[in-house]
DNA sequence: TTGAAAGCGCTAACAG
DNA sequence: CTGTTAGCGCTTTCAA
C-alpha cells in the first residue's frame, strides 16, 4: 500500500493522446483549433475534444508560450489601485484584454520609480507580448527596456516620447475646471480671486499641462495666478494635507478656491479641512479626477472626470494596429456635475 | 547590407555562456545563487554576474517554470477593484507577494461566478503555485478545480469549506455597527426604531452573519428587525438604488436608519438620497466597509472598517505554513470614527 | 571545479 | 488524414 501520495502531475496532451490512440501533435492541433488546416477528421477531433472537456484539460501555457515565442500575456504597470480613476482603468483593461484572448497581468508599483523598472523587467522575464505603462514616472525608460527585448510598449495616462501614448486632454480639462471654480468664487465674493493648486508632481506632463491651463484660466478671468499658492507636493494624501497646513500658515485666510490635482490629494485636503475647520464652509474646490462619494460631500466640490472607456478603446485600437510611432492621442475630459 | 531586421531574440544563458567560455549549466547555477553548492570558483561566478548585469539579463521564467515544475506565480481572484476594501487587498497582496519573491497575478471577475471558474482555470494553465479566492461566489468549486491540479488554495473575505479561510469577524463588526446606528436613531427620535438593511447577497456567508448580528442588535435594543425592510439585492450600486426606491414606495417614511452592506451599495443609497431628497437630512447609516470620502459626507454615516493588513498577514502566514486544513480565521473589524 | 545530456509540455515542419 | 521529430530556454543529475 503506497503511502507516498505521488505529486499530482497535471495531465498533458500526451496523456490524452495515449488514451485515444493518436499522437500528441494531433491533440495539439485540435486543441488549438487549427485542425482544418491539418485536415484532421471531424471524428478524431470530436473524440479528442470530448476527452479534453471531460477532464477539464487546459494546455500548459508556459510550455506553449516557450515553444511559440508568444505568451498571450499582456502586462500593465500601474501606480495605484486605490482610486476610481486607476481602478476603472484596471477593470476595463482586464475586460478588454480577455475579449481579445489575452491574459492581462497588472502590477502595481505604488508610484515608486525603482519598482516601475523592476516591474518592467519582471514582466519581460515572464515574456509578456506587450507592456502598457500607466501613469509611469519614467515611461521612456520602460519603453527602452522593453524595446531591447523586442516587446512593444504603450503609454497610458502619462505620455512618453518613445511609444504611442493615450492620455487625457489635461489642458482642456483643467482650463474648464479652473474656470468653473473661479466663477464659483467670483459669484460668491463678487470678484475673481486666485486659487491655490495642490498635488501632483511639477515634473510630470499632466501636472505641467494642468498648471498651464490653471494660469491661463486665471488670465482669462483677468487676474494672475499666485505662484506661492502652487504646491505640487506629489500625489500622496499626506503630502497634500501638509501642503494645506503650509498654505494656512502662510496666508491670512484660506484661499477662496483650490484646484486639487488628483483624488488622493483631495483626500488629504478634505482631511485637513475637517480637522482644522470643522463645521466651516469649505473653499470652492476643483478636483481633477472624479470620485462618487467625494462628489456628495459638498456642492462646492467640482470635478473633472477622465474618460477611461474611450482611452482604453483607443489604446486597444493602437495595439491592434501594432503602431510603432510615438503618436500622442488626447481624450477630452468630462466636467462633473 | 541586410535590410531584414532579424527578430530580436532575447539573449539566453547560452549566449552568456558562449561569451565567457563556460557552459550553460554553470551560468544557470550562478544566476540561481546555488553556485556554492556546485563549488564554482568565485572568479567565474563574478565574471558571469558581471556580463549578466551589463546586459540586464533576466532568466526566462517560462522556461524556468516549465523545467522546475514551479512558477513562483501566485494568483488572486478578485471581484472588483473599484472600492477601498478590495483595492487595498490588491495592493497589499502584491506587496507581500513580492517581498516573498513571488510574482502576483490578480484577476478581476466583476462578481461573475462563471468568470471566477474560468479565471481559476486560466491561472492553472499558467501554472500558478497557489490561488487565493477573494470574495468568491463559490470558493469551494475553485478549491476543487485547483486541488485536482495539485494547487493549493486559500479563501479571503468569503470563507469556504475546502481550504483555509481568512475573513472578517462579520458578526462582531455588524453587531457593533448596528448597535451604533440604533443608538444614534434612538438619540434623535427618543425611541429605538428598526433599521433597513440594504445590499449583499442573502446566500453569502458574510451577509448571513451580518444579518444575524443585525437581528441580534435589534433584539438587544428591545425591538424586532422588520423582515420587509431587509433587501439583500446584491452588491451593485444600481441594485441598492432600486432597493431604496422600493423601500420608499412601501413605507410611509424613509427608515430612521439603514445598514448598508458594502460601499458599492452605499453609492447607490447615497445617489438615491441626493436625487430624491436633496437638501433633506439623511437617515442614520451604518456602512459595512470604509471609504474616506463617504466618511466626510455626513456625520450620520458610521462605518465598519475591515482590517486588511491583519487579514493579509494571516493569509501569508497560512501560506508559509502550507496549511491544508480548512480552518477559518476571523479578524476583528474596526469601528469608524 | 565544471560540462554533457536529458527532459519539462508544447508546436510546427516535414514526411508519409 | 496523421505521426515523427526537433527544439523553445532552462535545471539537474551524472560524469569527469
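If each Cα of the range A:37-85 is one equal point scatterer, what is log10 of I(q)/I(0) from the Debye formula at q = 0.15, 0.32, 0.33 Å⁻¹? Ignoring solvent entirely, the Cα scatterers give -0.70, -1.04, -1.06. With the label put 7 angstrom out from Cα along the Cα-to-Cβ vector, residue A:53 ends up 5.6 nm from the copy partners, going from closest to farthest.
Model label points for residue A:275 and residue B:25, set 7 angstrom from Cα along the Cα-to-Cβ axis, are 6.2 nm apart. As a proxy for reagent exposure, B:80, B:36 were ordered by neighbouring Cβ count within 10 angstrom, fewest first; the result is B:36, B:80.
Temperature 4 °C, viscosity 1.567 mPa s: under these conditions the Stokes-Einstein estimate for the range A:229-290, based on its Kirkwood radius over C-alpha pairs, is 113 µm² per second. Can you tell me the orientation of helix B:308-321 relative to chain B, as the angle in degrees between its alpha-carbon axis and the longest Cα principal axis, to the nearest 10? Roughly 40 degrees, rounded to the nearest 10.
With the simple spin-label model, which puts each label point 7 Å out from Cα in the Cβ direction, the residue A:112 to residue B:110 separation comes to 3.3 nm. Counting only DSSP beta bridges whose two residues both lie in the protein assembly as shown, roughly 15 percent are antiparallel. In this simple spin-label model, placing a label point 7 Å from the Cα along the Cα-to-Cβ direction at both residue B:328 and residue A:162 gives a separation of 5.3 nm. Between A:216, A:53, A:298, the GNM of chain A built on Cα springs shorter than 10 angstrom shows A:53 fluctuating the most.
Against chain B, whose longest principal axis is taken from its Cα atoms, helix B:139-148 shows a tilt of about 20°.
Considering only chain B, pick the residue with its Cβ nearest the axis of the rotation onto chain A, and state the distance in whole Å. Residue plus distance in Å, as requested: B:293, 2. Each principal axis of the Cα atoms in the protein assembly as shown has its own extent, and those three values, largest first, are 78, 65, 53 angstrom. The spacing between the range B:126-156 and the range A:205-263, judged by their C-alpha centroids, is 48 Å.
Ranking A:154, B:171 by Cβ neighbours within 10 Å, fewest first, what do you get? The partial results should precede the final answer.
Values: A:154 23, B:171 19.
Lowest to highest Cβ neighbour count: B:171, A:154.
For the range B:180-337, just run the numbers: alpha carbon Rg, then divide by 2.2 N^0.38 Å, N being how many residues it has. If you can, show how the numbers build up before the last one.
Details: Rg = 16.8 Å, N = 158, 2.2 N^0.38 = 15.1 Å.
For the range B:180-337, the normalised Cα radius of gyration comes out at 1.11.
In chain A, what % of DSSP beta bridges are antiparallel (nearest 5)? Spell out each step's value before the answer.
Details: 5 of 39 bridges.
Antiparallel bridges: around 15 percent, rounded to the nearest 5.
Ranked from shortest, the separations from the 7 Å Cα-to-Cβ label point of residue B:32 to its equivalents in the other copies are 2.8 nm.
Under a Gaussian network description of chain A, with springs only between Cα atoms under 10 Å, the residue in A:135, A:160, A:150 that fluctuates furthest is A:150.
Between residue A:70 and residue B:99, the FRET efficiency from the beta-carbon distance, with R0 = 45 Å, is close to 0.90. Note on residue B:63/residue B:309: beta-carbon distance plugged into 1/(1 + (r/R0)^6) with R0 of 45 Å gives a FRET efficiency of 0.80. Once the Cα atoms of helix B:84-99 and of chain B are each reduced to a long axis, what angle between those two axes, in degrees from 0 to 90 to the nearest 10, is obtained? Value to nearest ten degrees: 20.
Below 8 Å between Cα atoms, with a sequence gap of 6+, how large is the relative contact order for chain A in percent? Don't skip to the answer; put the middle values down first.
Values: 580 pairs, mean separation 49.9, N = 337.
Contact order relative to length: 15 percent.
Counting from the shortest, the label point at residue B:321, 7 Å from Cα toward Cβ, is 5.6 nm from the same position in each remaining copy.
Each reported figure results from applying straightforward, stated rules to the coordinates on display, with no laboratory input. Here the structure is a predicted model, which means the values were calculated and not measured. As a convention, Cβ positions derive from the backbone with ideal geometry for all residues, glycine included, and neighbour counts pool all protein chains shown.
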